[in-house]
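The values are calculated or read from the model by the stated rules, or taken from the named source; none is laboratory data. On a predicted model such as this, the values are computed, not experimentally measured, just so you know. All Cβ positions, even for glycine, are placed from backbone atoms using ideal geometry, and neighbour counts span all protein chains on display.
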Amino acid sequence: MSFWGLVTWAGLGLVGLLYQTLLVFKDPLATHYPPLKPILIEACHQLGCRIHPLRIPDAVVIDFASIDLKQAAQAQDEMLLGMDEPQWTVQIHLRNADKVPVATPWLELTLTNVQDAALVRKVLNPVDWGGADVISPGEIVEYELVMKLKKQHSAFMGYRLLTFYP
């Protein structure tokens, strides 16, 4: 192989390495080096990719969570009227404890019985409730959800709430 053949292969290898680096590290580079973001967005536009917010599992902390029967007096009236499904209010406060913006995680809510066995498990996407898809550093976002439970599931004794990225 000639000298120019080797140079051509080396150049193609370098282009491939740059392409792969862009695809793998585009999100952290755009987050940690904001001046590069416009260049990365343009490069992704040409290559058919997108810049996404970082997904850092330990960055988002659940500051507060509660599940309460929706206005106990109103719930009693609804049960007397024959509505078998009581409504529960779920309140969740998430805080970004990191120094960079991160993607809003999904939530897994598990209602448990006395033996801590799962009665109901729900996977929830806060973005579907109208929440932002990014949580800024130090920001606390509050969500409130009203859910109906079948009568056999409404006797839960506890719950677990986890954050995750799909």
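A single member of GLN115, GLN91 is in the same structural domain as SER136 (by TED's automatic domain parsing), assigned to a loop (DSSP other than H, G, I, E, B) and modelled with pLDDT of 85 or more, and it is GLN115.
Of all residue pairs spaced 6 or more apart or on separate chains, those with beta-carbon atoms under 9 Å, a first member in segment 1-16 that is under 25 Å from LEU47 (Cβ atoms) and a second member that is exposed (fewer than 10 other Cβ atoms within 10 Å of the Cβ) are TRP9/MET1. From the list PRO35, PRO53, PRO28, which residue is in contact (Cβ under 8 Å) with a residue 60 or more places away in the chain and not aliphatic (A, V, I, L, M)? Only one candidate qualifies: PRO53.
Against the list (1) at pLDDT 90 or above; (2) farther than 12 Å from LEU161 by Cα; (3) loosely packed, with under 13 Cβ neighbours inside 10 Å; (4) under 13 Å from the mean Cα position of the chain (by Cα), the condition VAL123 fails is (2). Spot the failing condition for ILE92; the list is (1) closer than 14 Å to VAL60 by Cβ; (2) touching a helix residue (DSSP H, G or I) at 6+ places or on another chain (Cβ under 7 Å), and only one is missed. Result: ILE92 passes all but (2).
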